[in-house]
Amino acid sequence: MPRNAVIERRTKETEVRVELNLEPGEVSVDTPIKFLNHMVETLVFYMGASGRVKAVDLRGFDDHHVVEDVAIVLGSALDKALGDRVGLTRFGWAIVPMDDALTLASVDLGGRAYFMFKGSFTREVVGDMATEMVPHFIRSLASSLRATIHVNVMWGENNHHIAESIFKALGLALGQAIQVKGGGVQSLKGVL
């Protein structure tokens, strides 16, 4: 069964299109927020997936709507690509050092949206993206993916390294969770 999806979202503020394939390959991310491009490309690459993300900002207020809508559409595409989730490993976790920064991320693809983030930044902006949008991206992703995601930034000094360690850890955790283990549903209930 092919594990891919194409999702589009159009609002009065943004237009976002995500083409996602759960097999390794080329990753292309094009949004007006360069740091978001870097982080989403990092996430998809370390997830072991491929695809294209394209976002257009129709209003130009700030970075909020683009970051949020990219996360919503990416999560929806991943949700669709996972299908009925039967046979998935379901859980994934990773701890990633990025020079001075260390982040732990864990994921449950059990169908329930939940989000926890522990960490902080010492700058309001990295590149052209507000640091407050990092946890908001993950919250929006968790909601549209119907996943539980916990992220714990254990320490770090450089804000770019902190953000990058978050997206690498989350990508690796998702990559582990989306693997097909075989058999039925990974739950004693028999359903997700």
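A P(r) calculated from all alpha carbon pairs of segment 54-192, with 10 Å bins opening at zero, reads 13, 40, 32, 13, 2 percent.
Computed extension gain for N158 through R123, at 0.36 nm per residue and net of the alpha carbon distance, reaches 11.7 nm. Of the trypsin sites (Lys or Arg not before Pro) found in segment 65-114, the ones in coil according to DSSP and having at most 13 other Cβ atoms within 10 Å of their Cβ are R112.
Normalised by the number of residues in the chain, the mean separation of alpha-carbon contacts (under 8 Å, six or more apart) gives a relative contact order of 27 percent. Ordering 129-139, 52-62 by mean Cβ neighbour count within 10 Å, with the highest value first, yields 129-139, 52-62. Computed over the chain, the per-residue total of -39500 (n - 2.57) for DSSP H runs of n ≥ 4 gives a 222 nm mean residue ellipticity of -11000 deg cm²/dmol, rounded to 500.
Loop-located GluC sites (Glu not before Pro) in segment 1-67 (DSSP state not H, G, I, E or B) with no more than 11 neighbouring Cβ atoms inside 10 Å: E26. Beyond 18 Å, the tail of the calculated P(r) for segment 1-113 holds 54 percent of the Cα pairs. Set the Cα radius of gyration of segment 112-192 against 2.2 N^0.38 Å, with N its number of residues, and you get 1.29.
Just so you know, all these numbers are worked out from the coordinates, no wet-lab data involved. Here the structure is a predicted model, which means the values were calculated and not measured. Neighbour counts run over all protein chains shown; Cβ positions are idealised from the backbone, glycine included.
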